[in-house]
Amino acid sequence: MGRTRIVVAVVGVLVVTVYAALLAVQQLVLDPLAAVPGTSLGAIHAHLERQGFDVRGDVVAVLVTASIGVALAIVVATVTLRRRVEPHFVIAWMLGIIAAGAVPFFIAGFQLGMDVADGYGVSGGAHTVWAGVLFVTSAVALVAIPVVLVFGERRRALRTTSTTLVA
C-alpha cells in the first residue's frame, strides 16, 4: 500500500505539471501565434511592447499562475504521503486541482491574450483547440472526483470486510 501511495502522489504531481505546462504554452505561445497568423512570437512581443503593453509582466503572471497549481500538487503529495492517506483520496485531491485549473486558465487568458487582442484588433477569445482541451480536461476531472471517491471507499470497505472475515 505504501508504494501505491507514492506512485499515485508522483503521477498526480506529474499530471498537474503537464496541465500547468500546457496552460502556460497555450497562453504564451500557441494562442498569440494563432491570433496573429504568419507573425513570429518575437514580432508579436515587439509590436505589443512598442504599443506600451507590459509583455514581460504578462509572461511572469501566466508562469506564476501555472506554478501555483504545481505547488499545490506538491503540497498535497507531501501532506498525504506523510499522513498515509488512502490513494483514492490523493487521486481525488489531484483531480480537484486539475478541475480547479479551469479558473486560473481562464484568468491567465486575460494577460497576454488581451494585449494581443487590443494590439492587433483581433478577438479576445481562445484561438486554438488547446484551450478546449484544457477546459474539457478540467470538466472530466471534476466528474471523476465522486467516481474515484465512491469506488475507493467501496474497495476499502471490501478490503476491511475480507480482513475481518479472515481474522
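The values are calculated or read from the model by the stated rules, or taken from the named source; none is laboratory data. Given the structure is predicted, the values throughout are model-derived calculations rather than measurements. For neighbour counting, all protein chains shown are included, and Cβ atoms are generated from backbone atoms with ideal geometry for every residue, glycine included. With ligands, DNA and RNA removed, areas are computed over all heavy atoms of the protein, side chains included. Shrake-Rupley method; radii C 1.70, N 1.55, O 1.52, S 1.80 Å.
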Completion exercise
When restricted to Ile91, Ile98, the only residue among the hydrophobic types (A, V, I, L, M, F, W, C), in contact with a Ser or Thr (Cβ under 7 Å, 6 or more places away or on another chain), in contact (Cβ under 8 Å) with a residue 12 or more places away in the chain and surrounded by 17 or more Cβ atoms within 10 Å (Cβ to Cβ) is Ile98
Problem - Ala73 vs. criteria surrounded by 15 or more Cβ atoms within 10 Å (Cβ to Cβ), within 17 Å of the chain's Cα centre (by Cα) and modelled with pLDDT of 95 or more - result: yes
Handout entry: Ile68 being within 16 Å of Leu28 (Cβ to Cβ), open to solvent by 60 Å² or more (accessible area, probe 1.4 Å) and either of a type outside the set (D, E, K, R) or out of contact with any Cys (no Cβ under 8 Å at 6 or more places or on another chain) (or both)
Key = yes
Problem - Failed criterion for Val85 (all others in (1) open to solvent by 60 Å² or more (accessible area, probe 1.4 Å); (2) touching a residue at least 60 places away in the same chain (Cβ under 8 Å) hold) - result: (1)
Handout entry: Some residue of the range 45-59 being closer than 16 Å to Val18 by Cβ, part of a helix (DSSP H, G or I) and open to solvent by 20 Å² or more (accessible area, probe 1.4 Å)
Key = no
Handout entry: Test: residue in the range 120-139 that is aromatic (Phe, Trp, Tyr), at pLDDT 90 or above and over 21 Å from Leu23 (Cβ atoms)
Key = yes
Problem - Residues of the range 1-36 satisfying the condition of being hydroxyl-bearing (Ser, Thr, Tyr), open to solvent by less than 50 Å² (accessible area, probe 1.4 Å) and closer than 30 Å to Arg159 by Cβ - result: none
Exercise for the section: Having 2 or more residues that are of a type outside the set (A, V, I, L, M, F, W, C) is the bar; report the helices (runs of 4 or more DSSP H) wholly within the range 74-167 that clear it. Expected result: 87-100, 112-120, 129-166
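Is the range 115-122 home to any residue that is closer than 17 Å to Leu33 by Cα, over 19 Å from the mean Cα position of the chain (by Cα) and exposed (fewer than 14 other Cβ atoms within 10 Å of the Cβ)? First the steps, then the outcome.
Applying the first criterion (closer than 17 Å to Leu33 by Cα) to the range 115-122 yields 115-122.
Checking the rest, the ones that are also over 19 Å from the mean Cα position of the chain (by Cα) come to 115-122.
Still in the list and also exposed (fewer than 14 other Cβ atoms within 10 Å of the Cβ): 118, 121.
Yes: one or more hits.
Out of contact with any strand residue (DSSP E or B) (no Cβ under 9 Å at 6 or more places or on another chain), under 19 Å from Ala61 (Cβ atoms) and either open to solvent by less than 50 Å² (accessible area, probe 1.4 Å) or at pLDDT 90 or above (or both), is that true of Gly152?
Criteria not met by Gly152.
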